[in-house]
Amino acid sequence: MKKTLLILAITIASQYSYAQTNIFPGSGNVGIGTLTPQGGLDIYSTTNTTTTPLISLRSNFHVVGNYGMIKFGDYTQTTDYQKGAIIYESVAGSARGKFHIALENTDGNGSVSLSDAKLTILSNGNVGVSVTNPQNMLDVNGVIHSREVKVDLNGWSDYVFKPSYRLPTLKEVQTYIEKNQHLPDMPSEQEVLENGLNLGEMSKLQMKKIEELTLYLIEQNRQISDQHKTIQTQQLQINQLKQQLDIMINGGK
């Protein structure tokens, strides 16, 4: 009887200990939902769905400053050598939050934090690269290097070549420039510095100016060609007059 009670007490104590401290083996793989774990931690389920996730990290996210965080580091360097993290940040007054991917960019023993966020995704789909509160679908604080960029546009500037388009005179353009210090239709320096450039609209405006400039050159070439013809005609008349004058003076000799 005493032996039975002792075994029962040990069993209860053992269960209580594991429930409270969640002790895992010191070596080998750990499996949750599987008896044959394939990695250091293997979580397996046949019933998880989009509303019942395989892994759930929970906290009082409605409280400002609360986070769900997974950190990555190298324990062989120092216990504080945590250089990467996936962070869920709560947002004041909202059930929604932000996702950050953070990387600590030093070789020292500093640990990654929210200030090291390199990529941020808001619940509305906005993405920030080195921007933690992106106001657009993609905000980038830095240089973008791309092999190719395609921009969808609403219309193009070829209407400049239609007969109905009124091409401003160069005098009108000169007057506008003297008054405003920039080309007609183009944003001013102050507008660009304050609002940046819309690449699609700017490409369209620049093409409009190129097409207008082409029309000016065509017209200028037409005038030069007409002047050349006039000069040739005048030169022919001058030569004829010289011949007649020579006949008059020299009597046809």
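Every listed requirement among (1) at pLDDT below 90; (2) under 19 Å from Y165 (Cα atoms); (3) not hydroxyl-bearing (S, T, Y) is met by K208 save one, (1).
Close contacts from region 208-236, counting a first residue that is within 30 Å of M186 (Cα to Cα) and a second that is of a type in the set (D, E) and open to solvent by less than 100 Å² (accessible area, probe 1.4 Å), with Cβ to Cβ under 7 Å and a gap of 6+ residues or different chains, come to K208/D185. Does Q82 satisfy the criteria of being at pLDDT 75 or above and either open to solvent by 80 Å² or more (accessible area, probe 1.4 Å) or in contact with a Cys (Cβ under 7 Å, 6 or more places away or on another chain) (or both)? Criteria not met by Q82. Of all residues in region 171-184, those satisfying the criterion of being within 20 Å of T214 (Cβ to Cβ) and either modelled with pLDDT under 95 or open to solvent by less than 70 Å² (accessible area, probe 1.4 Å) (or both) are V173, I177, P184. Within region 185-204, take every residue that is more than 13 Å from V151 (Cβ to Cβ) and aliphatic (A, V, I, L, M) and give me the one that is most open to solvent (accessible area, probe 1.4 Å). For region 185-204, the residue satisfying everything is L193. The condition of being closer than 22 Å to L103 by Cβ, at pLDDT 75 or above, in contact with a helix residue (DSSP H, G or I) (Cβ under 8 Å, 6 or more places away or on another chain) and not charged (D, E, K, R) holds for only one of I87, I55, I70, that being I87. Among the residues of region 107-120, those identified as assigned to a loop (DSSP other than H, G, I, E, B) and open to solvent by less than 60 Å² (accessible area, probe 1.4 Å) are G108, G110, S111, V112, S113.
From the list D246, D226, the lone residue that is open to solvent by 70 Å² or more (accessible area, probe 1.4 Å), more than 16 Å from S157 (Cα to Cα), out of contact with any Asp or Glu (no Cβ under 8 Å at 6 or more places or on another chain) and not in a loop (DSSP other than H, G, I, E, B) is D246. Within region 121-151, restricting attention to residues that are over 19 Å from N198 (Cβ atoms), more than 10 Å from the chain's Cα centre (by Cα) and of a type in the set (G, A, S), the residue that is least open to solvent (accessible area, probe 1.4 Å) is G125.
The values are calculated or read from the model by the stated rules, or taken from the named source; none is laboratory data. Remember, it's a predicted structure, so these values are computed and weren't measured experimentally. Every residue, glycine among them, receives a Cβ derived from its backbone with ideal geometry; neighbour counts consider all protein chains shown. Each accessible area value is taken on the protein alone, full model and side chains, heavy atoms only, with ligands, DNA and RNA left out. Shrake-Rupley method; radii C 1.70, N 1.55, O 1.52, S 1.80 Å.
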